[in-house]
Structure formats: structure tokens, C-alpha cells
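Engineer: I'd like to ask some things about the structure below.
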Amino acid sequence: MITLLIIILIILVLWSLWGFFSSRVEHAEYSILEKKKGYEVRLYPKHIVAQTTVEGDYRTALNTGFRIVARYIFGGNVKKQGIAMTAPVVARENVNQKIAMTSPVMATESNGSRVISFGMPKSYSMETLPIPTDDRVKLVQIPEEKYAAKRFSWFATEVRVDHFEKLLIEQLKKDNIEILGSVAYAGYNAPWTPPWMRRQEVLVKVK
């Protein structure tokens, strides 16, 4: 029994180390304007995202959109050039509004349609980024915007994301902070990252 516990402990330690080092990628830049109870108000500088719009439920759209945009950064462009991944990955409802996050992926939804976006490394400009070979991938310049963000860990199931979205909206309304868009989900870690080390967030543009 003791031997089994030691083996499990070693596996968990190695898994945690792997998750830590494999998740060390460039993160979206932002400054914290205010820390509230349960969330932060942040200012994100202007940046560039590679994004795609996909149909389907939350998990299907996120996985499909991730693969489409990931192909672009892994060489699916006219220069066949690899582009370093950044974090988080963001998902947002497609409501004909601009996305304001730098990330690997962001996803949102409206009438079954979601926008999935990866933030591009800050070393690139619209002029230096290679052109996607897949016309479903668009490069978009995002202006400076202010967001409220609520952080959580472990798995980002649709039920859990919905739960934290509702909590964030309730907290913003309680604090009389005006909401300017739909809530987005942002995931910062690779799929193999241990659940206790995962950084997940829900975000919404605010005034």
C-alpha cells in the first residue's frame, strides 16, 4: 500500500512539473486597474489576434476553432513559418463585435456561432505576420479595451463556464459596472496540464 502511494505521489509530482514547464508561453499583456471581490478590472493594450468563426456547441466549436487557428501558427501560412503560441485561448459569442484579448485561444457564442482567437506574439505587426493559407483564419488588429475578469481552476466544462459567467455578471451588476459585450472564456494551459494547475477565466468588456 505504501509503495503504491509513493508511486502515485511520484506520478503527480512529475505530471505537475511537466504541466508547469510545458505551459511557459508568452501571456497576454494587461494592467490591473482595480481588484474587486471575486474579479479584476484590467486594461488590455492594442494587439493582434488570429481568429476564426465556427458553428456548433461549446466544446465542439472550441476544439474545431483551436485546430483551424493552430494550423496557421504551426506553419499553415504563405511563408510556412511557425509562430510561437501565446496564452490564453479565448472563446466568445459571435455578435459582430471586436475581440479584445491576446491569447492562444478565445471562444464566444451567438446562435450556435463562436469566434475562437489566438493572440499573436507582440514581436509581430500586421505587416510582418505571414498571411494564412486558410481563408477561415483572419488577422485582426484589436484596440485598447477594458475587461473584467474572474479566475477559476480545474476543468472548464460548459456547466462550470456558465456558472462563473453568471457569478461575474452578478458581481458587476452589484458593483454598478456597465457591461459592454458578451462574456468570453479564456484558457491558458495545454490540455495535458494537471487540473489543479490550470488557469481558466471568464471575461467581459466593461465601461
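Engineer: Just to verify a result, which residue in the stretch 177-207, among those that are polar (S, T, N, Q) and more than 16 Å from Gly38 (Cα to Cα), is surrounded by the most Cβ atoms within 10 Å (Cβ to Cβ)? Please lay out each step first, then the result.
Structural biologist: Let us first name the residues in the stretch 177-207 that are polar (S, T, N, Q), namely 182, 189, 193, 200.
Pick out the ones that are also more than 16 Å from Gly38 (Cα to Cα) and you get 182, 189, 193.
Details: Ser182: 16, Asn189: 23, Thr193: 19.
Here the answer is Asn189.
Engineer: Run down Val95, Val90, Val41 and say which single residue is at pLDDT 90 or above and either closer than 15 Å to Ala184 by Cβ or in a strand (DSSP E or B) (or both).
Structural biologist: Within the list Val95, Val90, Val41, the selection yields Val41.
Engineer: Being farther than 10 Å from Phe118 by Cβ and outside any helix (DSSP H, G or I) is the filter here, so list the residues in the stretch 49-69 that pass it.
Structural biologist: Selection gives Thr53, Val54, Glu55, Gly56, Asp57.
Engineer: What are the residues in the stretch 156-200 that are of a type in the set (A, V, I, L, M, F, W, C), under 18 Å from Val115 (Cα atoms) and assigned to a helix (DSSP H, G or I), if any?
Structural biologist: Applying the first criterion (of a type in the set (A, V, I, L, M, F, W, C)) to the stretch 156-200 yields 156, 159, 161, 164, 167-169, 172, 177, 179-180, 183-184, 186, 190, 192, 196-197.
Imposing the further condition that a residue be under 18 Å from Val115 (Cα atoms) reduces the set to 156, 161, 180, 183-184, 186.
Across the stretch 156-200, the qualifying residue is only Val161.
Engineer: Which residues, taken from the stretch 135-176, are of a type in the set (Asp, Glu) and either surrounded by 18 or more Cβ atoms within 10 Å (Cβ to Cβ) or over 13 Å from Gly38 (Cβ atoms) (or both)?
Structural biologist: First pass over the stretch 135-176, keeping only residues of a type in the set (Asp, Glu): 135, 144-145, 158, 162, 165, 170, 175.
Residues satisfying the conditions are Asp135, Glu144, Glu145, Glu158, Asp162, Glu165.
Engineer: Are any residues in the stretch 130-143 within 14 Å of Phe74 (Cβ to Cβ) and not acidic (Asp, Glu), and if so, which ones? It would help to see each step written out before you state the result.
Structural biologist: Within the stretch 130-143, the first condition is being within 14 Å of Phe74 (Cβ to Cβ), and the residues that meet it are 130, 132-134, 137.
If the condition is that a residue be within 14 Å of Phe74 (Cβ to Cβ) and not acidic (Asp, Glu), then Pro130, Pro132, Thr133, Val137 are the ones that fit.
Engineer: Only one of these conditions is not met by Pro132: (1) surrounded by 16 or more Cβ atoms within 10 Å (Cβ to Cβ); (2) closer than 24 Å to Gly56 by Cα; (3) under 16 Å from the mean Cα position of the chain (by Cα). Which number is it?
Structural biologist: Only one criterion in (1) surrounded by 16 or more Cβ atoms within 10 Å (Cβ to Cβ); (2) closer than 24 Å to Gly56 by Cα; (3) under 16 Å from the mean Cα position of the chain (by Cα) is unmet by Pro132, namely (3).
Engineer: Taking the residues in the stretch 44-57 that are farther than 17 Å from Gln141 by Cα and in contact with a Ser or Thr (Cβ under 9 Å, 6 or more places away or on another chain) as candidates, determine which candidate is modelled with the lowest pLDDT. I'd like the intermediate steps shown before the answer.
Structural biologist: We begin by selecting, within the stretch 44-57, every residue farther than 17 Å from Gln141 by Cα; these are 54-57.
Next, only the ones that are in contact with a Ser or Thr (Cβ under 9 Å, 6 or more places away or on another chain) stay: 54-56.
Working: Val54: 87, Glu55: 84, Gly56: 76.
It comes out as Gly56.
The values are calculated or read from the model by the stated rules, or taken from the named source; none is laboratory data. These numbers come from a predicted model, not from an experiment. Cβ sites come from the backbone with ideal geometry, for glycine too, and all protein chains shown count toward neighbours.
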